[in-house]
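The values are calculated or read from the model by the stated rules, or taken from the named source; none is laboratory data. This one's a predicted model, so the numbers in the text were calculated from it and none came from an experiment. Neighbour counts are summed over all protein chains in view; Cβ atoms, including those assigned to glycine, are modelled from backbone coordinates with ideal geometry.
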């Protein structure tokens, strides 16, 4: 059970309610009026809990689970205990996300501006905002309605935030324009100078970074990520993109809509990712590349050339995933022969 010190709990919900929330259909013989109090993993759940099964690796766990109900694909229904009510759907993990959000809605904050916040007289603060202690909001900044600004966060001069944004503590936002429903977690830095120098034998000259960071609606940016402003063109993050902790996006980079970037990814300057690109942890991109829509980049890959739409690549330098895996298999066989 989620710790009530940190998480709110709604419900209980009937099985029918949960089916409506998740878009699942109730399995044969289940009592649609049965009540459930929370969500828990298969191994911890009891008769009053809802769980889910999405990964085939956990098929063995379900036979021993005491969960009263479970979200799962119809193909796995035969593995469930007869006493377990089933909610059948095509995408159990997505269905679980909807149900978990219903049981544990985000805490509603009370609008308040702390007396210790420093807000320039020319800044505009929308209705219903929470501005936490120590926050700084610069001249001509505009904060939309129902935004939460965390403690000690700095919103720089001229920055624009849309409505319903949640900015964590100790973040800094400068030279940026941000859409609606954007979540930016603790310690993130947005809009600082990009890494641009003109090298020479007499020393390196800093190139002025004259662009911005443009973040579209429904973007989520993890803790301690850094997004540099453009050098002339803007750095752009497309709507619905989700960026993990400790990711670096360099100047002029452009991410399309609904991309997923795991922790410690680095995107070099002027590289463009299309829509729905997925990138595993610690992958790195050289500069000025074009990554096509729907491409998938394996963890720890080093991408040094353009990637076609829909391709899956891995390794260093990154190449088609099957080719990379074959190369690893060949090296293992060679190493084994030498040992023998």
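Out of 2, 80, report the one residue that is crowded, with 16+ Cβ neighbours inside 10 Å and touching a strand residue (DSSP E or B) at 6+ places or on another chain (Cβ under 8 Å). Being crowded, with 16+ Cβ neighbours inside 10 Å and touching a strand residue (DSSP E or B) at 6+ places or on another chain (Cβ under 8 Å) holds for just one of 2, 80, which is 80. Each residue in region 317-336 was checked for being touching a helix residue (DSSP H, G or I) at 6+ places or on another chain (Cβ under 9 Å) and either in a helix (DSSP H, G or I) or not assigned by TED's automatic domain parsing to the domain that holds residue 302 (or both), and 0 of them qualify.
Restricting attention to region 184-230, the residues that are touching a residue at least 60 places away in the same chain (Cβ under 8 Å) and surrounded by fewer than 17 Cβ atoms within 10 Å (Cβ to Cβ) total 1. None of 240, 269, 194 is part of a loop (DSSP other than H, G, I, E, B) and over 22 Å from residue 302 (Cβ atoms) except 240. Scanning region 38-55 for residues that are surrounded by fewer than 18 Cβ atoms within 10 Å (Cβ to Cβ), farther than 15 Å from residue 88 by Cα and touching a helix residue (DSSP H, G or I) at 6+ places or on another chain (Cβ under 9 Å) yields a count of 2.
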